[in-house]
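The values are calculated or read from the model by the stated rules, or taken from the named source; none is laboratory data. Predicted model only: the values in this text are computed from it and were never measured. Here the Cβ is made from the backbone with ideal geometry for all residues, glycine too, and neighbour counts use every protein chain on show. Only protein heavy atoms, including side chains, enter the accessible area calculation; ligands, DNA and RNA are left aside. Shrake-Rupley method; radii C 1.70, N 1.55, O 1.52, S 1.80 Å.
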Amino acid sequence: MKNINIAIDGPAGAGKSTIAKMVSKKLGYIYVDTGALYRTIALYITENNISDEDIENALPKAKVSLKFIDGAQRVFLGDRDVSDIIRTPEISMAASRTSAIPAVRAYLFETQQNIAKSNSVIMDGRDIGTVVLPDADVKIFLTASAEERANRRYKELAEKPDCPSYQEILDDIIKRDYQDMHRETAPLKQAEDAVLVDTTTLNLEESANEIVRIITEKIGE
Ligand code: DC
């Protein structure tokens with residue numbers, strides 16, 4: 001049976017990973033979070049104090065890989081599972097910066113394509129439908145207003161110590177959107193053949209159902 005490739009792109013905080021995970025469970029595909037790869041490179045660069053000029057030569061030493069353990073993705077730097085420690089606001093911002101470097105994108109391109117070649121996947125990121133999987137069977141562009149995305153993030157963090165203010169979260173989101181949409185290489189944009197799903201007024205279950213509906217309509221399952 002042919003592998004099915006689903007691309008889900010969109011800005012930070014639109015709910016891509018949570019929704020893509022729900023959809024992949026419903027359809028029995030592997031969920032691939034490509035942002036984790038960029039975050040891991042950012043962690044490597046930060047921990048080793050690598051300057052912009054040295055990044056290209058340093059990349060092969062980073063040894064970034066993905067493993068799927070009981071269906072859940074874990075990301076490794078060498079032998080170290082870094083899946084949890086790459087989720088800080090500092091690494092989010094660093095990942096947005098390093099992901100603009102063409103050598104970083106070129107380095108991660110093959111890793112992403114190889115996973116999609118040998119599995120049915122739902123892959124989320126910024127350039128999956130436009131660059132990594134231009135022939136994906138279904139492409140979704142998932143978005144929500146910046147205010148609603150900041151609101152969701154604020155609610156998620158509100159219980160934690162040192163929670164940033166709503167305004168700080170919103171400013172971060174707007175800054176990351178700008179960086180991701182305006183970089184020269186593979187900027188975040190909706191592929192011409194992608195279906196736009198705006199989740200501003202939808203909850204997670206409604207968003208996942210809408211995407212399952214779009215996918216089953218396109219691939220006819
Ligand atoms: O999806 P995320 O927030 O974990 O992604 C972190 C950063 O990585 C994001 O600001 C942009 C970058 N990224 C990218 O450029 N291309 C991808 N396919 C995935 C993420």
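What do you reckon, is Lys26 without any contact (Cβ under 8 Å) to a residue 24 or more places away in the chain, open to solvent by 10 Å² or more (accessible area, probe 1.4 Å) and away from the ligand (no atom under 12 Å from the Cβ)?
Criteria not met by Lys26.
Inside segment 183-203, can you point out the residues that are modelled with pLDDT of 95 or more, surrounded by fewer than 19 Cβ atoms within 10 Å (Cβ to Cβ) and either hydroxyl-bearing (Ser, Thr, Tyr) or within 19 Å of Gly35 (Cβ to Cβ) (or both)?
Within segment 183-203, Gln190, Thr200, Thr201 qualify.
I'm trying to understand the selection: among the residues of segment 69-94, which are open to solvent by 80 Å² or more (accessible area, probe 1.4 Å), within 26 Å of Tyr154 (Cβ to Cβ) and touching a Lys or Arg at 6+ places or on another chain (Cβ under 9 Å)?
Passing the criteria: only Arg87.
Looking at the structure I just gave you, is Tyr31 surrounded by 22 or more Cβ atoms within 10 Å (Cβ to Cβ) and outside any helix (DSSP H, G or I)?
The answer is yes for Tyr31.
Would you check if Ser51 is more than 13 Å from the ligand (Cβ to nearest atom) and open to solvent by less than 50 Å² (accessible area, probe 1.4 Å)?
Judged against the criteria, Ser51 is a match.
Conditions (1) of a type outside the set (A, V, I, L, M, F, W, C); (2) over 29 Å from Pro134 (Cβ atoms); (3) part of a helix (DSSP H, G or I), marked per residue:
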site	(1), (2), (3)
Cys163	no, yes, no
Glu168	yes, yes, yes
Tyr178	yes, no, yes
Glu184	yes, no, no
Gln190	yes, no, no
Thr201	yes, yes, no
Glu205	yes, yes, yes
Asn209	yes, no, yes
Lys218	yes, no, yes
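Which of the numbered conditions does Asp135 fail, given that it passes all the others? Conditions: (1) open to solvent by 80 Å² or more (accessible area, probe 1.4 Å); (2) farther than 20 Å from Thr216 by Cβ.
Result: Asp135 fails condition (2) only.
Of the numbered conditions (1) open to solvent by less than 70 Å² (accessible area, probe 1.4 Å); (2) in a helix (DSSP H, G or I); (3) acidic (Asp, Glu), Asp124 satisfies every one except a single condition; which is it?
With respect to (1) open to solvent by less than 70 Å² (accessible area, probe 1.4 Å); (2) in a helix (DSSP H, G or I); (3) acidic (Asp, Glu), Asp124 is out only on (2).
Do you know which residues across segment 206-220 are open to solvent by 80 Å² or more (accessible area, probe 1.4 Å) and touching a residue at least 40 places away in the same chain (Cβ under 8 Å)?
Lys218
Being of a type in the set (A, V, I, L, M), more than 10 Å from the ligand (Cβ to nearest atom), in a helix (DSSP H, G or I) and open to solvent by less than 70 Å² (accessible area, probe 1.4 Å) narrows it down to one of Leu43, Leu108, Leu66, Leu37, so name that one.
Among Leu43, Leu108, Leu66, Leu37, only Leu43 is of a type in the set (A, V, I, L, M), more than 10 Å from the ligand (Cβ to nearest atom), in a helix (DSSP H, G or I) and open to solvent by less than 70 Å² (accessible area, probe 1.4 Å).
Hey, could you check segment 149-171 for residues that are among the basic types (Lys, Arg) and free of Cβ contacts under 8 Å to residues at least 60 places away in the same chain and say which is nearest to Gly10 (Cα to Cα)?
Lys155
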